[in-house]
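The values are calculated or read from the model by the stated rules, or taken from the named source; none is laboratory data. These numbers come from a predicted model, not from an experiment. As a convention, Cβ positions derive from the backbone with ideal geometry for all residues, glycine included, and neighbour counts pool all protein chains shown. Note: areas computed on protein heavy atoms with side chains; ligands, DNA, RNA excluded. Shrake-Rupley method; radii C 1.70, N 1.55, O 1.52, S 1.80 Å.
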Amino acid sequence: MKLKSVLLGVFGLASAVATSQTTWEIGNTTLTEYDLVTGMEIPWEILWGPDDHLWMTSRKGEVLRIDPTTGDYTTVLEKNVMNGGNGEPGMLGMAMHPDWETTPKVYVVYCAGSSWNGQEYLSVFDWNGTELVNEQFLLTIDAGGIHNGSRLLVLPDNTLLMTAGDVGSSGLSQSMNSLQGKTLRLNLDGSIPDDNPLPDSYIYTLGNRNSQGLALGPNGIVYASEHGQNSNDEFNIVEAGGNYGWPQVEGFCNTTAEEAFCEENNVIEPLKAWTPCIAVNGIEYYNHEAIPEWQHTVLLSVLGGLGGQYERLSVLHLSEDGLSVTSEDQYFSSFNQRIRDVAVNPYTGSVYVAFNGPSYPGSGPNIIKEFRNEEFASTVSERPDDLKPMAFPNPCTDRIQFEWEHELRNVEYTVYAFTGETVAQGQVNNKLLTLDTKGWSNGSYFIALTHANGTRTATFQVVDAE
Ligand SMILES: [Ca+2]
Ligand SMILES: [Ca+2]
Ligand SMILES: [Ca+2]
């Protein structure tokens, strides 16, 4: 079911009485509001897929693939989930394989089994063009009636982050014998990366309570949102081996007991904390020129919490280096609808917002709205040539060459080391780009190409000549 009432104005005979379209003023930018999809079950994850469709998990156990121009969708996966998806557990986070052309695989987290005794599965499925098939279980951990996480995020080094909640047992978060209350990192085949903080362990961070937001920001920074108990919802930067303090520390290290624990355990404090809790959820880094007022921000979904803190989309403005939050703007609270997740159209810069209805734990009405800068979108006449290059040789030693299918014009590129450092920068005006990698440390790098319609990345390795 779609509502594109702007069309009534275009096609209606009496254009003088055209249905008025709701618009939002964001500084000098006007966003037009569309109801893209309505009537589906609780949307939990929404993301822009490499097939230029919007993908959605429903907590009730479905994956939908949505045509972003019409809102038409197909159900591509159905699973039985804990409690029928009526409580916190159910089908949760999702991520796509980064090399979609050759490996069209989709990662999904869902909880199944009886209430309070279920399992949380991280599975990967093959996309056969119409549905998700060939389920492979990569990781199984305990699920709980509450606090199951779980967002997924593929990093530029082709590893997968998964947030795991404390399932209501806060003591697990500091225990290295449990995968609960952690951020986990896996290779895309489910194995443990060699460079995880601890040998033979999925654990990437500890001291987490229930993180339900993950996003890749500038310079390889990974951001996370995390639910606090009653106070101190958090916005964090995810660092390998980091201890985020729960349950001994909530928010900043600012009580005597917390200061002692923080000192001893090298606890990483949040960039920002909210008290009382506002119930922070899905996040996305926004840097599209379609909404200049939102460039270099993190869009943060806010459910509104149990304590009547208001639902909204928070826009977190970042310092230039991305390491701190300088201010917060708030939008869309007048809907009085819990906001669960956000996604961005890489071409038009439109922002998609998933609403879960007004009440915990989410019973509808459910809707995905699109907020579009028409003025900008109308200039995006066609989709860009694929900016993703072929890289060879890969691994390389002292030089690497990138080749594109079509000649590029004025496309900015930046090459990052996985340590976050920028190692090269410039413009591509050709089908080929050759970089001198002499003197670069051994390791993984990625090139990011940005033009008006989005960003593409490709990874490569630098190794010794021998
Ligand atoms: Ca998302
Ligand atoms: Ca914390
Ligand atoms: Ca504190």
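General observations
- Considered as an equivalent ellipsoid built on the Cα gyration tensor, the chain has semi-axes of 31, 31, 22 Å, the largest given first.
- 137, 235, 392, reordered so the largest accessible area comes first (probe 1.4 Å): 137, 392, 235
- Heavy atoms of residue 157 accessible to a 1.4 Å probe, total area in Å² rounded to 10: 50 Å²
- Calculated log₁₀ intensity ratio I(q)/I(0) where the Debye formula runs over C-alpha points of region 390-462, q = 0.12, 0.15 Å⁻¹: -0.29, -0.45
- For region 131-140, 3J(HN,Hα) per residue [Karplus equation, 6.51 cos²θ - 1.76 cosθ + 1.60, θ = phi - 60°, Hz, x = Gly/Pro]: 8, 8, 10, 6, 4, 10, 7, 9, 7, 10
- From the alpha carbon centroid of region 240-272 to that of region 168-227 is 16 Å.
- Average silhouette area of region 159-286, convex hull of alpha-carbon atoms, in square nanometres: 8.0 nm²
- Site pair residue 51 and residue 69 shows an inter-label distance of 1.7 nm when each label is modelled 7 Å from Cα along Cα→Cβ.
- Protein heavy-atom accessible surface, 1.4 Å probe, per residue over region 390-462: 53 Å².
- Averaged per residue, region 12-103 has 40 square angstrom of accessible surface, using a 1.4 angstrom probe with ligands and nucleic acids left out.
- Nearest-10 value in Å² for the accessible area of residue 200, using the 1.4 Å probe: 140 Å²
- Kirkwood hydrodynamic radius of region 77-222, from inverse mean 1/r over distinct Cα pairs, in Å: 15.4 Å
- Solitary cysteines of the chain, where the nearest other Cys Cβ is not under 4.7 Å: 111, 277, 396
- Diffusion coefficient, µm² s⁻¹, Stokes-Einstein with Kirkwood Rh over alpha-carbon pairs of region 335-460 at 20 °C and 1.002 mPa s: 124 µm²/s
- Projected label points at residue 317 and residue 28, each 7 Å from Cα along the beta carbon direction, are separated by 1.5 nanometres.
- Paramagnetic label reach from residue 198 (point 7 Å along Cα→Cβ; backbone nitrogen cut-off under 19 Å): within region 253-274, residues 262, 264-268.
- For the chain, the relative contact order comes to 11 percent (Cα pairs under 8 Å, sequence separation of at least 6).
- Placing unit charges on the Cβ atoms of the charged side chains and taking the dipole of region 158-304 about its Cα centre, the candidate lying farthest along the positive direction among 228, 178, 168 is 168.
- Sorting the Cα pairs of region 196-271 by distance into bins of 5 Å, from 0 upward, gives 3, 16, 26, 25, 17, 9, 3, 0 percent per bin.
- Counted charge near residue 198, where neighbours are those whose Cβ lies closer than 12 Å (Asp, Glu -1; Lys, Arg +1): -1
- The heavy atoms of residue 335 present about 50 square angstrom of accessible area, all protein chains included, probe 1.4 Å.
- Segment residue 429-residue 296, extension gain: residue separation times 0.36 nm, minus the distance between their alpha carbons: 45.3 nm
- Largest to smallest accessible area among 296, 406 [probe 1.4 Å]: 406, 296
- Heavy-atom surface analysis with a 1.4 Å probe gives the chain a carbon and sulfur content of 46 percent of its accessible area.
- Here the spin labels are modelled as points 7 Å beyond Cα on the Cα-Cβ line, and at residue 130 and residue 326 they lie 5.2 nm apart.
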